[in-house]
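Encoded as structure tokens, the structure appears first; notes follow it.
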Amino acid sequence: MPGIFQSMLVIFSVASLLTAVAVQLFYLGARCCFTYLSPVRRARLLFLLGSAPLAVPLLLLMLVFIPSILTWAGLVPDHCLAHDDHHGHLCFIHPPAFIRNPWVTVIALLLVAIVVLRWIRGFAEAYQARTWSRLFQRNSHRAPGRCYRLVDVDRVLACSIGMFRPEILISRGLEDRLSTEELEVVIAHERAHVERRDALKLFIVKMLGVFFLPQVSKALLSDLALAGEQVCDQQASRETGSSIRVAKTIVKVQKLLPEQSEDPLPAVHFSHVHIVQRVTSLLDQRSRGRFYHGMLPKYLLPGATMLFLLVYYEPIHHYVEDLYFALFQ
Amino acid sequence: MEKIPVLGELEQEVLAHLWKCREGAVKSVHQAVGKKRRISPNTIHSALERLRKKGLLVREKVSHAYVYRPAIERSELLGKWLNEMISLYGGGKVEIMVSAFADLTRTIGASELERLEAMILNVEKDDPRGDVS
């Protein structure tokens, strides 16, 4: 059985690295064209790209081991008996021998260790953020008939907070300073974030950013966050019936913010760039027409992947098997 | 910026009780908070002392027992927590979990905001309602 785990570890590591390289090359080459996609589609594409270094190796592992799973389930005859036995099998029933090449295992383990260490740091940050999220949720109250929690503080705050069970937080200071229509815009925007689980998506892409170069990971996160903000702005525009009202509210809330703090804070995050892009996008009437709205249905990619899996699982299993044993045995 | 401690669940509940009642000794706080949580008066005493050391409570000896009072008002502490969270957000620590409606770290300049306002006015002249079809 150690041979199975070793082969899974090596295949997963190599596939992750190759996918990350391919995604980065595609992203850097095609990034300028992404602005032609509508925010919804752009967000979806960026999330797919960001999660590819995990999703593709998992899919590949599934394809590689599917013949033995089907045999084990009694759906097909033993796949390995049909092979000529010129090399080992990537199979649960006839597991491959452990490859006594220290470099293969050491390099794969090193990659896994780097990933795990980065993830521990990421999860520690997420835990810290969760503590803050709980602190504000505990120290706020939900008034009857409201879909948000009111933080009783005379300062300006409007955000959605939390990853798995996000909540909208709005401060009394903001509630007092905005008209009912403006408050509707803020709530509609934040509610869209909650419904879309944007924080969770960003967290997943941030965690998988370990496979990318730091600059690429940061740019991908920034683009994904901007796309998410624009989707929520569009949602707010639809709900309130006016994109100009949304743009005006964004600028108004932004203008209220400087009242609350003496010194600007260091900004290594990305929202400051987004304000300008969000407002410009809302105002740019032509932008509504310039987005690509062609045939890119939601279920096209998962559907195509399933079809691919059904048709090509056996050739892929053999290619990977040949390659693995040729390179590492 | 002054660092404000993030409080544990029990500390928050004890502090919330003292904000409501204005003052309390270990016995009364235990009656209100500790009994329903099935914790001992010693645990309540520890929580009160931790809060005092964090500068959030003051104590005074009345007869043979200490009476604790909040050293800071709820809205003031919330404001400080908010500052701290925005500071962490600015440092990229909690940004993945917070989707703020506007740029909380206010790095966008006044001139940029004026430019955006002028753009909105221009568009509004052509399309006063800015309706979304």
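The values are calculated or read from the model by the stated rules, or taken from the named source; none is laboratory data. Everything quoted here is computed from the prediction, not taken from an experiment. Reconstructed Cβ throughout: ideal geometry from the backbone, glycine too, with neighbour counts over all protein chains shown. Protein only, heavy atoms only, side chains kept; ligands, DNA and RNA dropped before computing areas. Shrake-Rupley method; radii C 1.70, N 1.55, O 1.52, S 1.80 Å.
Tabulated values for the structure
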| read-out | value |
| --- | --- |
| Residue list for region A:168-188, filter: part of a loop (DSSP other than H, G, I, E, B) and out of contact with any Ser or Thr (no Cβ under 8 Å at 6 or more places or on another chain) | A:S179 |
| Scan of region A:208-217 for residues that are touching a residue at least 24 places away in the same chain (Cβ under 8 Å), assigned to a helix (DSSP H, G or I) and open to solvent by 20 Å² or more (accessible area, probe 1.4 Å), ordered by number | A:V210, A:F211 |
| Test: residue in region A:208-222 that is under 14 Å from A:I275 (Cα atoms) and more than 10 Å from chain B (Cβ to nearest Cβ) | yes |
| Only one of A:A143, A:A108 that is at pLDDT below 85, more than 11 Å from chain B (Cβ to nearest Cβ) and touching a strand residue (DSSP E or B) at 6+ places or on another chain (Cβ under 7 Å) | A:A143 |
| From B:R59, B:R22, residue being in contact with a helix residue (DSSP H, G or I) (Cβ under 7 Å, 6 or more places away or on another chain) and open to solvent by 50 Å² or more (accessible area, probe 1.4 Å) | B:R59 |
| One residue from B:E23, B:E11 being in contact with a Lys or Arg (Cβ under 7 Å, 6 or more places away or on another chain) and more than 14 Å from chain A (Cβ to nearest Cβ) | B:E23 |
| Residues within region A:102-115 that are among the β-branched types (V, I, T), loosely packed, with under 13 Cβ neighbours inside 10 Å and closer than 27 Å to A:L202 by Cα, tallied | 1 |
| Wholly enclosed strands (runs of 3 or more DSSP E) of region B:56-133 bearing at least 1 residues touching a Phe, Trp or Tyr at 6+ places or on another chain (Cβ under 7 Å) and modelled with pLDDT under 85 | B:98-100 |
| Restricting region A:176-195 to residues that are free of Cβ contacts under 8 Å to residues at least 40 places away in the same chain and either buried (at least 19 other Cβ atoms within 10 Å of the Cβ) or of a type in the set (A, V, I, L, M) (or both), the residue that is farthest from the other protein chains (Cβ to nearest Cβ) | A:L183 |
| Filter result for the condition that a residue is part of a helix (DSSP H, G or I), open to solvent by 80 Å² or more (accessible area, probe 1.4 Å) and at the interface with another protein chain (Cβ under 10 Å from one of its Cβ atoms), over A:R118, A:R134 | A:R134 |
